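**Student:** Take this structure first; my questions come after.
The values are calculated or read from the model by the stated rules, or taken from the named source; none is laboratory data. None of these values were measured; they are calculated from a predicted model. No Cβ is skipped: glycine too gets one built from the backbone with ideal geometry, and neighbour counts run over all protein chains shown. The area values use the complete protein model at the heavy-atom level, side chains included, leaving out ligands, DNA and RNA. Shrake-Rupley method; radii C 1.70, N 1.55, O 1.52, S 1.80 Å.
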Amino acid sequence: MKFNIWGKISIVLSCAAMMMVAHSAVAEMKKKSELERRMADPRNSKYTVGDKKSGYVYMTTMTRDMQDDDFSNPAFVWVDIGKRNWSKVDGKAGKSCASCHKDASSMKGVMAKYPVYDKKLKKMVALQAKINMHRKEKMGAKPWKWESDDMNGMAAFIGLQSRGMPMNVSISGPAKKFYDKGKAFYYERRGLLDMACKHCHIDNAEKMARSNLLSWGMPNGFPTFRLKWQKIGSLHRRFAGCNKQIRAKPFKRGSPEYTNLELYLKHRANGLPVETPSVRN
Amino acid sequence: MAKKPRVKVPSSAKKGEVIQIKTLAPHKMETGRRKSKGKLVPRMIINKFVAKFNGKEVFSTDMHPAISANPYFSFYTKVSESGTFEFSWTDDKGKTVKASRKITVK
Amino acid sequence: MAKSNIQIARRDVLRAAGLGAVAVAASSVLPSESFATPAKADALLKKLTGGAAAKSGRVTIKLPEIAENGRTVPLSVTVDSPMTSKDYVKAIHVLSEGNPTPAVASFNLSASSGKAAVSTRIRLGKTQNVIAAAVMNDGSVYVAKKKIKVTIGGCGG
């Protein structure tokens, strides 16, 4: 086949154009977004149920590695504390948790259903509040501070007994009206920055907020070891932190506001596996 | 309740086998550069970690404030006889926390 | 769980900028101090390794590309060495080019270490190079450098 000069020029130009397109396509592929990279980890399937995704999916590979190895997961320092306290006698009644609850395996399924409605108090009760109720009423022991090593340790130890079980929080009967309050809180603007939880965790989920990838704010891994805190922390601590960062007055640990919010969030996460104790940024 | 160091050592190994040891010591590792309530929190870190086997040092680390809180180390050592590992963490004040693990080597 | 289409409103951009200013103000890191520099790190490296000429190769640094959070960054250093009594790694030094001070940690190994591979977690104050230097039993020194991005996280870190 013979080509005249124009034919030759057009062949050269189209080759060059194809190479440029190919090169930029390769560059585009290489420039895979941070979200795509993190979501490509095959381990994520364990933490995805329908369109619900645990915060695990949005962490970096090395953070996931840290969570997956029970030894290198620093949260286990506190699980160890919980384990020791489980059998430790404390309080005037001369009892330990084990005295009534026997083996820790009796706690299987507990974390998956908290917070629960308390008929006597006529309100929702978080796990930490329940632990303190038992310490006071059954053990005659002093209550633990919500964010203390003892309480976080026990919550992590109890949570661990449900690890892998699907979250199963009930909002039927008297719990429904507290669920509605929690949901209203989630959507309500607050603080100097006039933001609601949903602005980050629904409207902007899966987007980068500077170097962090915003998750849906699922609570299935709490208490969690947060790299930022360099220690384990409760869900209510996270609420308080988020509220402070939008310049809203934080509520107290165990407050009705945060307990109801916890109920809303945990019901929203129903189906996702309990991941306590997780590792997050 | 005091937080105890966590140590992972295999309980048994073959003679000449190279085993991996993992350690995690609960500690804030205060850098001395952090402010709390307007005041500088003074430096207080674990600055030395030593691993000995049957009395002989097999691994050690000299640490600085750039090591994260709850210092974690993993390292390897070759074992040729049964015995006891002794781990010690020493802070800036010279206070030492210890842990030990036995291993059977056949 | 449907996501609504987000139009970045001017209000949202201003909000993010306000967040940024507030976040920096709220940061508890002391401002404008003399931080480590590549020159300071290099000086410390020479001191730790006895000044031997740094060769490249044999040392591999494993670090994430972006730090999930600068306060806890997983780091692994592996040195290619048979670890026999004739040829082994005596020490692995880790240095930072951008932290307030360059020293991070020094790992002391021996011929009975079996494998020259260490892992730990470190604090990094900003985007920088992390240096790992292996000192061999014959005094020779091998150095590797790896860059890692460290930025403030979404909501004040």
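**Student:** Which shape class, rounded, prolate or oblate, goes with the protein assembly as shown when its Cα gyration tensor gives a ≥ b ≥ c as root eigenvalues, a/c under 1.5 marks rounded, and past that a/b bigger than b/c marks prolate? Don't skip to the answer; put the middle values down first.
**Tutor:** On the way: a/c = 1.78, a/b = 1.11, b/c = 1.60.
Cα axes put the protein assembly as shown in the oblate bin.
**Student:** DSSP loop trypsin sites (Lys or Arg not before Pro) in the range A:111-161 with at most 10 other Cβ atoms within 10 Å of their Cβ, which ones?
**Tutor:** Those satisfying the criteria are A:119, A:120, A:122.
**Student:** Put +1 on the Cβ of every Lys and Arg and -1 on every Asp and Glu Cβ in the range B:6-105; which of B:71, B:83, B:99 then has its Cα farthest towards the positive end of the dipole?
**Tutor:** Value computed over the given set: B:71.
**Student:** Under a 5 Å amide H to amide H cut-off, with H placed in plane at 1.01 Å, what residues pair with residue A:190 once short-range neighbours are removed?
**Tutor:** A:195, A:196
**Student:** Here's another thing I want to ask about it. For the pair residue B:4 and residue A:208, what calculated FRET efficiency results from E = 1/(1 + (r/R0)^6), where r is the Cβ-Cβ distance and R0 = 25 Å, to the nearest 0.05?
**Tutor:** It comes out at approximately 0.05.
**Student:** With each label point set 7 Å from Cα along the Cα-Cβ vector, what nm distance links residue B:93 and residue A:121?
**Tutor:** 3.7 nm
**Student:** Could I ask something else about it? Among A:117, A:264, what's the order by accessible area (1.4 angstrom probe), most exposed first?
**Tutor:** Largest to smallest exposure gives the sequence A:117, A:264.
**Student:** Rounded to the nearest 10 Å², what accessible area does residue A:246 show when all protein chains are kept and the probe is 1.4 Å?
**Tutor:** Its heavy atoms expose roughly 20 Å² to the probe.
**Student:** Further, regarding this structure: Aspartates and glutamates within cross-link reach of residue C:149: Cα-Cα under 12 Å, excluding same-chain residues under 8 positions apart?
**Tutor:** The qualifying aspartates and glutamates are C:65, C:68.
**Student:** In what sequence, largest accessible area first, do A:224, B:84 appear using a 1.4 Å probe?
**Tutor:** From most accessible down to least: B:84, A:224.
**Student:** Another question, if that's okay. To the nearest 10 Å², what's residue C:138's accessible area with a 1.4 Å probe?
**Tutor:** Surface open to solvent at residue C:138 totals about 110 Å².
**Student:** A follow-up question, please. Ignoring everything but the protein chains, give the 1.4 Å probe accessible area of residue A:144 in square angstrom, nearest 10.
**Tutor:** 30 Å²
**Student:** Given charges of +1 on the Cβ of Lys and Arg and -1 on the Cβ of Asp and Glu, with all other atoms neutral, how large is the dipole of the range B:6-105 about its Cα centre, in debye to the nearest 20? List each step's numbers first, then the result.
**Tutor:** Working: 21 positive and 8 negative charges, 92 e Å.
Charge dipole, the range B:6-105, about its Cα centre: 440 debye, nearest 20.
**Student:** Further, regarding this structure: Counting only residues 5 or more places away or on other chains, whose amide H sits under 5 Å from the amide H of residue B:92 once H atoms are built in the peptide plane?
**Tutor:** B:45, B:47
**Student:** Please give the Cα centre distance for the range B:44-58 versus the range C:69-117, rounded to the nearest Å.
**Tutor:** 15 Å
**Student:** What's the whole-number percent of alpha carbon pairs in chain A lying beyond 30 angstrom?
**Tutor:** On the way: 14911 of 39340 pairs.
So the portion of pairs separated by more than 30 Å is 38 percent.
**Student:** Which FRET efficiency value, to the nearest 0.05, do you get for residue A:99 and residue C:80 by plugging their Cβ-Cβ distance into 1/(1 + (r/R0)^6) with R0 = 41 Å?
**Tutor:** Values: r = 56 Å, r/R0 = 1.37.
That gives a FRET efficiency of 0.15.
**Student:** Residue A:41 label point, 7 Å along Cα→Cβ, cut-off 12 Å on backbone N: hits in the range C:98-120?
**Tutor:** In the range C:98-120, the label zone of residue A:41 (backbone N under 12 Å from the point 7 Å along Cα→Cβ) covers no residue.
**Student:** What does the accessible area per residue of the range B:6-105 come to in Å², with a 1.4 Å probe and no ligands, DNA or RNA counted? Intermediate results must be reported in sequence, preceding the final value.
**Tutor:** Details: 4900 Å² over 100 residues.
Roughly 49 Å² per residue, with all protein chains present.
**Student:** Could you tally the net charge around residue A:164, taking each other residue with its Cβ under 11 Å from the Cβ of residue A:164, Lys/Arg +1 and Asp/Glu -1?
**Tutor:** Charge balance near residue A:164 sits at +2.
**Student:** Short version: ³J(HN,Hα) in whole Hz for each residue of the range B:99-104, in order, from phi by Karplus 6.51 cos²θ - 1.76 cosθ + 1.60 (θ = phi - 60°), x for Gly and Pro, what are they?
**Tutor:** The phi angles translate into 8, 9, 9, 9, 9, 9 Hz.
**Student:** If the reach is capped at under 28 angstrom between alpha carbons, list the lysines near residue B:14, excluding any in the same chain fewer than eight residues apart.
**Tutor:** In chain and number order, the partners are B:22, B:52, B:56, B:78, B:98, B:102, B:106, C:86, C:90, C:115.
**Student:** Here is a follow-up. Applying the Karplus parametrisation 6.51 cos²θ - 1.76 cosθ + 1.60 with θ = phi - 60° to the phi angles of the range A:62-68, what ³J(HN,Hα) value in whole Hz is obtained for each residue in order, glycine and proline being reported as x?
**Tutor:** Once rounded to whole Hz, the list reads 5, 6, 4, 4, 5, 6, 5.
**Student:** For the pair residue A:172 and residue B:33, what calculated FRET efficiency results from E = 1/(1 + (r/R0)^6), where r is the Cβ-Cβ distance and R0 = 41 Å, to the nearest 0.05?
**Tutor:** Details: r = 52 Å, r/R0 = 1.26.
E(calc), rounded to 0.05, equals 0.20.
**Student:** I need the shape label for the range B:6-105. Rule: rounded when a/c is under 1.5, else prolate if a/b > b/c, else oblate, with a, b, c from the alpha carbon gyration tensor.
**Tutor:** Judged from the Cα gyration tensor, the range B:6-105 comes out prolate (a/c at least 1.5, a/b above b/c).
**Student:** Let me ask another. Roughly how many nanometres apart are two label points built 7 Å out from the Cα toward the Cβ at residue C:43 and residue A:252?
**Tutor:** So the two model labels end up 5.3 nm from each other.
**Student:** Moving on to the next point. Rounded to whole Hz and in sequence order, give me ³J(HN,Hα) for the range A:120-131 from the Karplus expression 6.51 cos²θ - 1.76 cosθ + 1.60, θ = phi - 60°, writing x for Gly and Pro.
**Tutor:** 6, 7, 6, 7, 7, 10, 7, 4, 4, 5, 5, 4
**Student:** Would you mind counting up the charge near residue B:48? Only other residues with Cβ under 9 Å from its Cβ, with Lys and Arg at +1 and Asp and Glu at -1.
**Tutor:** On the way: positive: none; negative: B:62, B:91.
Around residue B:48, the surrounding residues sum to -2.
**Student:** Here's a follow-up. Could you state the angle between the C-alpha long axis of helix A:5-30 and the longest principal axis of the C-alpha atoms of chain A, as a value from 0 to 90 degrees rounded to the nearest 10?
**Tutor:** The angle comes out near 10 degrees.
**Student:** A further question follows. Check cross-link reach from residue A:122 to the aspartates and glutamates: straight Cα distance under 15 Å, and skip same-chain residues fewer than eight apart.
**Tutor:** Straight-distance partners of residue A:122: A:257.
**Student:** Could you compute how much accessible area chains B and C hide from each other, both sides summed, with a 1.4 Å probe? Nearest 100 Å² is fine.
**Tutor:** Its buried surface, counting both partners, is about 2400 Å².
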